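Before any comments, here is the structure.
The values are calculated or read from the model by the stated rules, or taken from the named source; none is laboratory data. Computed from a prediction, not measured in an experiment: that's the story for all the values here. Please note: Cβ atoms are built from the backbone with ideal geometry, for glycine as well, and neighbour counts cover all protein chains shown. Heavy atoms of the whole protein, side chains included, go into the accessibility calculation; ligands, DNA and RNA do not. Shrake-Rupley method; radii C 1.70, N 1.55, O 1.52, S 1.80 Å.
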Amino acid sequence: MLSERQSCRRFKKGRSGALREVSKRVKGHMEQETGRFVGCDEYHKGVLDALRESDPHIYDLLRAEYERLQNTIQLIAAENQCSRAVLAALGSIVQNKTTEGFAGARYHGGCAVVDDIEQLAIGRAKEAFGAKYANVQPHSGTAANQIVVTAILQRADKILSLGLDQGGHLSHGARVSFTGKFFDVENYYVDKSTFLLDYDAIRTKAIQVKPKLIICGASAYSRTIDFGMFRVIADEVGAYLLADISHIAGLIAAGAHPSSIDHAHFTTTSTYKPGGPRGGLILMGRDFQTRIRAGERQITLAEHIDKTTFPGVQGTPYLNNVAAKAVFFQETLSEQYRQRQFAIISNAQRLAGALANRGYDVLTGGTDNHMVLVNVANLRPGLTGLVAQKALEQVGLIVNMNRLPYDTKAASVTSGLRLGTPIVTKNGMGHEQMDTIAGLIDTVLRGIKTAGDIEYSLDDSLKTSVKDEVVRLSQEFPMR
Ligand code: DSN
């Protein structure tokens, strides 16, 4: 992990020349305003009113979701809460623009404004992550992975990745995903006793498998990932390295987890997990100009990823999402965002400690990131992740069951829970509230009367008292 001082230094870097150029052009766009129509602010101000009038059902459902969020506590490690500025960009008229291609090389007219939006997003993404190349067009993290994999692999080429049931991700080669269908996938595993990545075992497997691509990064792994070690292994076997940092992208941007950017050939992330809009991002560091053969030509990896994005995999980018990504990347450069990433980890460590003190089996004994993995089956015989998730939801504690490495229970019930602290931290909660939440979780899980892997009952008075406390806590720390 970078020290706070080192990561601060990164944040004091000046703006790049390209970003300054785009900023100057923004003024030019504004001078072209004619003032003959309803102003932009006025047009967008009516957005919620228009929805209420035209579709009261969806409007009411939006309100219901808002109420749900305000009266429950969000502990899903894959969720975050974007700012209202990001929401505004998402709900803007930019969503109407159709265009294919990239800024300066489009296949439709009328792109001067959206070109600048995309260039701002690219420049800010590079600045946020210390990257040399950024592609802001992927529709999601999975789409970003699909683009990279499609770019560099031929059908039936070999991928080596962390298994889904070990903490990996569907798009890293699970049988049910496109990666599992079209490529030859082998998995590496976490150590059976420590549940940690064992880099010697990964190297041995890589030498044996000789993959063309190694994928690192996880959906359920609470310890620091050594991207440098993965690159050493990839280089030794002549493989490309893809780091999917979706879960820890915010921590990396803030310097609270070591960066993958110059170790991996490709880094991908979803943009909502670190707190932005839904969408994906592809980044490259030192390898961005490495030349590869594409058909008859030699092109750079960066050009190859662009071409595989469009026309290879996607059509028109979601330009409202691109605008919202730009807003979000700017937010990640703020001191407030940076400090929050350290607080997210500190809260997760406190939550892990409070649960461990109450007798819970916290995987790996704690956490280095935003995530806490708990084996609930080891707490009480007969308790499953599914029952724990459902019982906690009844009192307003929103979590997700998770298969644990070497889980003996089926994926539909699991032995584990995965908890995350990004949203509670964003809403201002700290250590005191983590202790309270651990106590509430404990009260519910010890109070459950199980009846098989799926059915259970919870005493009404216990339910009411925990729910009241959850509502009180969530109202004390409303959505920010
Ligand atoms: N990656 C999934 C998760 O971690 O829950 C969501 O996209």
> Taking the DSSP beta bridges in the range 150-220 as the whole, what percent of them are antiparallel, to the nearest 5?
Replying inline: 10
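Leaving out ligands and nucleic acids, note down the accessible area per residue over the chain with a 1.4 angstrom probe, in whole Å². Please list the in-between numbers first.
Values: 21570 Å² over 480 residues.
Using a 1.4 Å probe on heavy atoms only, each residue of the chain averages 45 Å².
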>> If packing is taken as the average count of other Cβ atoms within 10 Å, what order do 126-139, 100-113, 421-434 fall into, highest mean first?
In response: 126-139, 421-434, 100-113
>> If amide hydrogens are placed 1.01 Å from N in the peptide plane, which non-local residues have theirs closer than 5 Å to the one on G285?
In response: K132
> What lysines could a cross-link reach from K449, if we take a straight Cα to Cα line under 17 Å and drop same-chain neighbours fewer than 8 places away?
Replying inline: K390, K463
>> Pairs of alpha-carbon atoms within less than 8 angstrom and 6+ residues apart define the contacts here; what relative contact order does the chain have, in percent?
In response: 19
>> Can you compute the modelled spin-label distance between Q394 and D184, with each label point 7 Å from Cα toward Cβ, in nm?
In response: 5.1
> Regarding the range 433-480, what is the average projected area of its C-alpha convex hull, in nm²?
Replying inline: 4.1
> Between A294 and residues 5 or more places away or on another chain, which pairs have amide H atoms under 5 Å apart, with H built 1.01 Å from N, and which residues are they?
Replying inline: I299
> Could you give P(r) for the range 40-177, binned at 10 Å from zero, as whole percent values over all Cα-Cα pairs?
Replying inline: 8, 24, 30, 28, 9, 1
> Which whole-angstrom value gives the distance between the alpha carbon centres of the range 96-156 and the range 402-454?
Replying inline: 37
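Hey, what did the range 65-219 get for relative contact order, percent, Cα under 8 Å, at least 6 apart?
Values: 146 pairs, mean separation 25.0, N = 155.
Dividing the mean separation by the residue count of the range 65-219 yields 16 percent.
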>> Name the residue from A143, Q154, Q119 whose Cα lies farthest towards the positive end of the charge dipole of the range 113-227, charges +1 on Cβ of Lys and Arg and -1 on Cβ of Asp and Glu.
In response: Q154
>> Please compute the Kirkwood hydrodynamic radius over the chain, one decimal place, Å, based on all pairs of different Cα atoms.
In response: 23.7
>> Is the C-alpha gyration tensor of the range 332-475 telling us rounded, prolate or oblate? Criteria: a/c under 1.5 is rounded; beyond that, a/b larger than b/c is prolate, otherwise oblate.
In response: oblate
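D for the range 392-458, whole µm²/s, Stokes-Einstein with Kirkwood Rh over alpha-carbon pairs at 4 °C and 1.567 mPa s: what number?
Result for D is 96 µm²/s.
If you stretched the chain out fully between I207 and A64, how much longer would it get, using 0.36 nm times the residue separation minus the C-alpha to C-alpha distance?
Going from the current span to full extension adds 46.2 nm.
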> So, in Å, what gap is there between the alpha-carbon centers of the range 278-353 and the range 29-69?
Replying inline: 29
>> In whole Hz and in residue order, list the ³J(HN,Hα) couplings for the range 295-308 that follow from phi through the Karplus curve 6.51 cos²θ - 1.76 cosθ + 1.60, θ = phi - 60°; x for Gly and Pro.
In response: x, 8, 10, 9, 9, 7, 4, 4, 4, 5, 5, 4, 5, 6
>> Under the rule of at least 5 residues apart or a separate chain, name every residue whose amide H is placed under 5 Å from the amide H of V185.
In response: I159
> Tell me which lysines have Cα within less than 23 Å of K97's Cα, excluding those fewer than 8 residues away on the same chain?
Replying inline: K24, K27, K45, K307, K325
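Ignoring ligands, DNA and RNA, what percent of the accessible area of the range 386-480 is carbon or sulfur (1.4 Å)?
49
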> Roughly to the nearest percent, how much of the accessible area of the range 146-284 is carbon and sulfur, given a 1.4 Å probe?
Replying inline: 50
>> Once ligands and nucleic acids are excluded and a 1.4 Å probe is used, how much of R63 is accessible, expressed in Å² to the nearest 10?
In response: 130
